[in-house]
Amino acid sequence: MYKLIKINEYAMTRDIELINLNTGTTDVCFDDSSMVINDFGFMEIGNEYDCKILLFGNRVTKLTKDAHIKCKIIKELVVGNKVLLEVSVNNDIYYIDDNCGEEYIFFNVTRKDIIQVGDVVHHNLLRTF
């Protein structure tokens, strides 16, 4: 469960700042849902939401001093019409658009995207691929 603590609005997108109520981790997530059908515009500062956050970036072969993280693979699951990996990073749960048969992967995160709030799934995950 996350609490919405801040919204930064831009012309067509926004960044939303969420705090994980279980771990205390703060995540700033990109939200472009207002440009599509399934919109997260109902979210209000101070309210709590069940969210899924996608780590956007790419897999790397090893940890470096840059922004690379180690992800423990929990399971594959379907969000909308897309198969994603559910991963744990220091007890925080995220999702990655990747496939692998390994227990751990290293990942370079360039952005975090909000992909689901409650039962509302981002439109990009509802498309048929």
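On the given criteria, is residue 114 within 17 Å of residue 16 (Cα to Cα) and part of a strand (DSSP E or B)? In short, yes. Filtering region 23-60 to residues that are among the charged types (D, E, K, R), surrounded by 12 or more Cβ atoms within 10 Å (Cβ to Cβ) and within 13 Å of the chain's Cα centre (by Cα) leaves 27, 31, 32, 52.
When residue 1 is tested against (1) surrounded by fewer than 17 Cβ atoms within 10 Å (Cβ to Cβ); (2) of a type in the set (A, V, I, L, M, F, W, C); (3) within 21 Å of residue 127 (Cβ to Cβ), only condition (3) is not met. Summed over region 38-53, the residues that are touching a Leu at 6+ places or on another chain (Cβ under 8 Å) and either in contact (Cβ under 8 Å) with a residue 60 or more places away in the chain or of a type in the set (Ser, Thr, Tyr) (or both) give a count of 5. For residues in region 94-111 being of a type in the set (A, V, I, L, M) and within 17 Å of residue 30 (Cα to Cα), which is modelled with the highest pLDDT? Residue satisfying both the conditions and the ranking: 96.
For region 62-79, check the following and say yes or no: at least one residue is crowded, with 16+ Cβ neighbours inside 10 Å, touching a Gly at 6+ places or on another chain (Cβ under 8 Å) and not hydroxyl-bearing (Ser, Thr, Tyr). Taking every residue of region 62-79 in turn, none turns out to be crowded, with 16+ Cβ neighbours inside 10 Å, touching a Gly at 6+ places or on another chain (Cβ under 8 Å) and not hydroxyl-bearing (Ser, Thr, Tyr). One residue alone among 56, 30 is in contact (Cβ under 8 Å) with a residue 60 or more places away in the chain, assigned to a strand (DSSP E or B) and touching an Asp or Glu at 6+ places or on another chain (Cβ under 6 Å), and that residue is 30.
The values are calculated or read from the model by the stated rules, or taken from the named source; none is laboratory data. Computed from a predicted structure; not experimentally measured. Cβ atoms come from the backbone with ideal geometry, glycine included; neighbour counts cover every protein chain shown.
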